[in-house]
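The values are calculated or read from the model by the stated rules, or taken from the named source; none is laboratory data. What you see is a predicted model, and the numbers here were worked out from it, not measured in a lab. Please note: Cβ atoms are built from the backbone with ideal geometry, for glycine as well, and neighbour counts cover all protein chains shown.
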Amino acid sequence: MELFDGILTIKSVAFLLISVMAIAAVGYLLGRVTIKGVSLGTAGVFLIALVYGGLFYDKLSDEMNAEFVKSSLKIVDNLGLILFVSAVGFIAGPNFFSNFKKNFKSFVALAVIIILSAGLVCAGCIMVGRQFTDLGTEEFTVLMSGILSGALTSTPGLSAAKEAAGPELDKLVSVGSGIAYIFGVIGVVLFVQLIPKILGADMAKERELLTAKEKKSKQMKSTKKLIEMDSFGLMPFALAAVLGIIIGSLKFKNFSLSMTGGCLLVCLLFGHFGRVGSVSIMPKDTTLKVLRELGLMLFLIGSGISGGSSFVEYFKPVYFLYGMIMTIVPMIIGFLFAKFVLKLNLLNNLGSITGGMTSTPALGTLISTAGTEDVASAYAATYPVALISVVLVEQLIIILFK
C-alpha cells in the first residue's frame, strides 16, 4: 500500500522505525562505556546516529524518497526536542523563578559573555582562515557562521544565519553546522563531566548548596488533594507543549522564540504554578523523567543522522578544528567568569554553561552527573538570553564580514 504517490510506504515507515530503535539500542550501549569515570551517556546515541547517517543516508535516499527521509528525520528531531524541552520546563518550574530572581544579573551576564566570546572567536577564525581558504570571502564567512551555530548546537542560530546568508549560500551554513555539531554536542557533554572530576568536587555537598534555599519553598507548598486529568499527567503536558509551539511560532520583525523557547517558557509557567484552581497542571515526576530521556534520544537520532551525511560529504580537518575552538573557548571563559566573578556554585555554574551553550544533550548529562534535577533551573534561566544573543551574533557576523 502506497500513500502520497510513493513518498510514503509501509515498508519505508517500518524501516525508519527499525533504524531509530536500532540506533537507540546500540547508542545506549556505547554510552555505558566508562573511561576513568567519564562516559558519553545519551550522547552515545548521537555518535551512533552520526555514523549511521554517514554510511547509509545516501542509500536510504536512493531506495526511498529523498524528501521522505529528510522530512521524517526532521519530525523525529522536532518531536524529541518538544518532549525534552517541555519536560525540562516542568521540572525546572517549581524552583525557576526564585533561582532566577536570586541570580538574574549573573544568568544574563553569563549568557552574553558565552555567546559574545563565541562570536569573537568566530570573527578571529574568519580573519585568519580566509587567508588560506580556496573559498571566496563571502562563501567562507557564511560557512564559518554555520560552524558557529553547530559549535553552539543552536537551531535558532542556524536559522538566523541561513536567512542572513540568502538562498544562494544558505546550503554552506548547513554544511558548516553539520561539521561542527558533532563536537558541539560531545564537547559540552564531556566538559560537564570532567570539570567536577578535575576540581575534585563533592557532589553531595554541591547538591546541598544548590537546593538548600529551595527546600523550604517546596515544603511550604499546599498539600491539598488536586483533581488530575489523567494518572500520568499527559494531558497538561500535551496542552503546554501545544501552547508553547504556538507561542514559539509567533514572529516579531523576523525574530521568534522558536519552538524550543516557546515550549520552555510555557512549561516553566505550568511547572511554577502547578495548578489552576483545584485542577493539577503538573505531570508526575516519573512521567517527566521518561519523556525527558525519550525526547533527548529522539532529538539526537534525528539530528545525528542528518548531520552525519553533511559531515562525510564536506568534512575538512581545519573546519572541524574551527568548530572545536568555537565550542571550547566560550565554555572555558564562561566557566571562569561564573566561578571567579559571579561566584556561582559549581552546579549553578555548569547548569548555566549548558544553557549559555544552548546544549540540550549536555543538560541531560549534567542531571545524571549532578544527581539532581534542580540544575535544570540554571539552564532554563540562561537559555533564553543565549537564544536571543546567538541569533543577533550570527546575523552580525555575516553583515560585518560578508
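Checking Gly166 against (1) on the phi > 0 side of the Ramachandran plot; (2) at pLDDT 80 or above, only one condition comes out false. Which one?
Against the list (1) on the phi > 0 side of the Ramachandran plot; (2) at pLDDT 80 or above, Gly166 comes up short only on (2).
Given the options Phe337, Phe315, name the one that is closer than 30 Å to Tyr57 by Cα and out of contact with any strand residue (DSSP E or B) (no Cβ under 7 Å at 6 or more places or on another chain).
Criteria check complete, one pass: Phe315.
Got a sec? Which of Lys251, Lys289 is closer than 26 Å to Ser149 by Cα, surrounded by fewer than 18 Cβ atoms within 10 Å (Cβ to Cβ), of a type in the set (D, E, K, R) and modelled with pLDDT under 90?
Lys251
Just a yes or no: is a residue in the range 383-394 farther than 17 Å from Leu148 by Cβ, surrounded by fewer than 22 Cβ atoms within 10 Å (Cβ to Cβ) and not aliphatic (A, V, I, L, M)?
yes
Table: residues versus (1) without any contact (Cβ under 8 Å) to a residue 40 or more places away in the chain; (2) among the small types (Gly, Ala, Ser).
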site: Met297; (1), (2): no, no
site: Ile332; (1), (2): yes, no
site: Ser368; (1), (2): no, yes
site: Ala381; (1), (2): no, yes
site: Leu396; (1), (2): no, no
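Could you list, in sequence order, the residues of the range 342-378 that are within 26 Å of Gly157 (Cα to Cα) and among the small types (Gly, Ala, Ser)?
Selection gives Gly351, Ser352, Gly355, Gly356, Ser359, Ala362, Gly364, Ala376, Ser377, Ala378.
Only one of these is among the charged types (D, E, K, R) and closer than 16 Å to Gly355 by Cβ: Lys36, Lys102, Lys59. Name it.
Testing whether each residue is among the charged types (D, E, K, R) and closer than 16 Å to Gly355 by Cβ leaves just Lys102.
Is there any pair with a first residue in the range 262-284 that is under 10 Å from Ala240 (Cβ atoms) and a second that is polar (S, T, N, Q) whose Cβ atoms are under 7 Å apart and which are 6 or more apart or on different chains, and what are they?
Partner pairs satisfying both residue conditions: Cys263/Ser86; Cys267/Ser86.
Can you tell me which of (1) under 14 Å from the mean Cα position of the chain (by Cα); (2) of a type outside the set (Val, Ile, Thr); (3) buried (at least 24 other Cβ atoms within 10 Å of the Cβ) is the one Pro283 doesn't meet?
For Pro283, the failing item is (1).
Can you name the residue in the range 79-95 that is β-branched (Val, Ile, Thr) and modelled with pLDDT under 85 and is also farthest from the chain's Cα centre (by Cα) among such residues?
Ile91
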